[in-house]
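Right, one structure below, let's go through it.
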Amino acid sequence: MKTKKSGLERTFDICLYAVLSILVLITLYPLIFVAFASISDAAYVVAHKGVLWRPVGINFEAYKSVFGNKAIWSGYKNTLFIIVFGVILNLFMTSLGAYVLSRKNVMLNKPIMIFIIITMFFNGGLIPFYLIVKGVGLLDTLWAPIVPFAINTFNLIILRTSFQSIPESLEEAAKIDGANHFVILFRIILPLSMPIMAVMTLYYAVDKWNGWFYSSIFISDRDLFPLQLVIREILISNSTEGMSSGGSGNDLYQIGETIKYATIMVSTLPILMVYPYLQRYFVKGVMVGSIKG
């Protein structure tokens with residue numbers, strides 16, 4: 001039976017919803033601004049002052065220029081390669097590491113875990129890292145932003161904690177039936193850990209999608225640039241070279257501004273479309289991975 005709220009409680013709810021609505025609007029406005037600016041006339045966008053609540057002079061030339069740029073499609077292809085094979089490798093290696101570290105009978109379990117945690121705070125530096133990648137022959141390949149980042153320490157700790165929360169009786173029953181560790185992991189542990197695995201997939205996929213720094217260091221072949229590197233070049237150069245021709249310098253600057261907004265939308269929308277499908281697992285998965293220390 002529902003209890004009737006008092007006037008003070010209703011007032012508090014109204015104030016709470018009002019504050020949350022304002023925060024949501026503040027959070028969404030940058031994306032709204034970029035979306036409206038990307039379909040607006042370039043001259044109007046540059047001349048516009050203040051808040052942009054609607055497109056000014058609707059114009060889709062920026063999107064035509066972006067999708068007409070072969071580097072964008074090449075960047076999409078390279079990024080999809082990195083995401084697909086990278087996430088598969090990430091999940092496989094992280095699952096193996098989390099399973100081993102979650103077993104109580106593993107020798108030197110705690111010291112090994114301490115050494116792994118130390119890597120979150122200290123590393124060998126960028127130059128030694130570059131020399132190692134170069135030494136194993138990964139430079140100028142799409143495997144450079146994949147193989148060296150097979151395991152993320154933070155994700156490993158979350159997944160290990162989640163595996164520890166699964167009852168040991170299930171593992172003992174499987175061992176009695178003759179199951180080895182691979183069978184236990186892939187037929188018992190992982191099927192029971194789908195929410196946290198969905199969270200791991202989201203974490204790794206977003207990291208791969210947004211990654212550009214290490215790709216800019218390890219990849220110099222423009223045909224292998226991931227999408228974020230292509231977009232970074234467009235944002236920095238603020239030019240339309242290769243995507244438009246003619247016009248004065250001011251015209252090129254104006255068109256370049258809307259192209260920047262269009263490229264941001266092109267790089268943001270795909271990951272925003274994927275996120276809602278994993279949202280139902282997100283909170284549950286993180287909570288499962290944080291219950292037991």
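The values are calculated or read from the model by the stated rules, or taken from the named source; none is laboratory data. Bear in mind that the values here come from a model prediction, so they are computed numbers and not experimental data. Heads up, the Cβs are rebuilt from the backbone with ideal geometry, glycines too, and the neighbour counts pull from every protein chain shown.
Looking at Ile146, Ile157, just one residue is closer than 21 Å to Val100 by Cβ, at pLDDT 90 or above, surrounded by 16 or more Cβ atoms within 10 Å (Cβ to Cβ) and among the hydrophobic types (A, V, I, L, M, F, W, C), and that residue is Ile157.
Remark: pairs (first residue in the stretch 176-199, closer than 20 Å to Ser165 by Cβ; second residue hydrophobic (A, V, I, L, M, F, W, C) and not in a helix (DSSP H, G or I); Cβ separation under 6 Å; 6+ apart in sequence or on different chains) = Leu192/Ile166. Among the residues of the stretch 94-110, those identified as assigned to a helix (DSSP H, G or I), in contact with a helix residue (DSSP H, G or I) (Cβ under 9 Å, 6 or more places away or on another chain) and surrounded by fewer than 17 Cβ atoms within 10 Å (Cβ to Cβ) are Leu96, Val100, Asn109. So for the stretch 46-65 (the condition being of a type in the set (S, T, N, Q), at pLDDT 85 or above and assigned to a helix (DSSP H, G or I)), does at least one residue qualify? Checking the stretch 46-65: not a single residue is of a type in the set (S, T, N, Q), at pLDDT 85 or above and assigned to a helix (DSSP H, G or I).
Picking from residues in the stretch 24-62 that are more than 11 Å from Ile259 (Cα to Cα) and hydroxyl-bearing (Ser, Thr, Tyr), the one that is surrounded by the fewest Cβ atoms within 10 Å (Cβ to Cβ) is Thr27. Ile151 passes every criterion in (1) under 21 Å from the mean Cα position of the chain (by Cα); (2) at positive phi apart from (2). Looking only at residues of the stretch 121-178 that are aromatic (Phe, Trp, Tyr) and touching a helix residue (DSSP H, G or I) at 6+ places or on another chain (Cβ under 7 Å), we find that the one that is farthest from Leu91 (Cα to Cα) is Tyr130.
Scanning the stretch 115-147 for residues that are part of a helix (DSSP H, G or I), under 23 Å from Lys208 (Cβ atoms) and touching a residue at least 40 places away in the same chain (Cβ under 8 Å) turns up Ile116, Leu126, Tyr130, Val133, Val147. The lone criterion from (1) crowded, with 18+ Cβ neighbours inside 10 Å; (2) over 19 Å from Val84 (Cβ atoms); (3) at pLDDT 85 or above left unmet by Ser220 is number (1).
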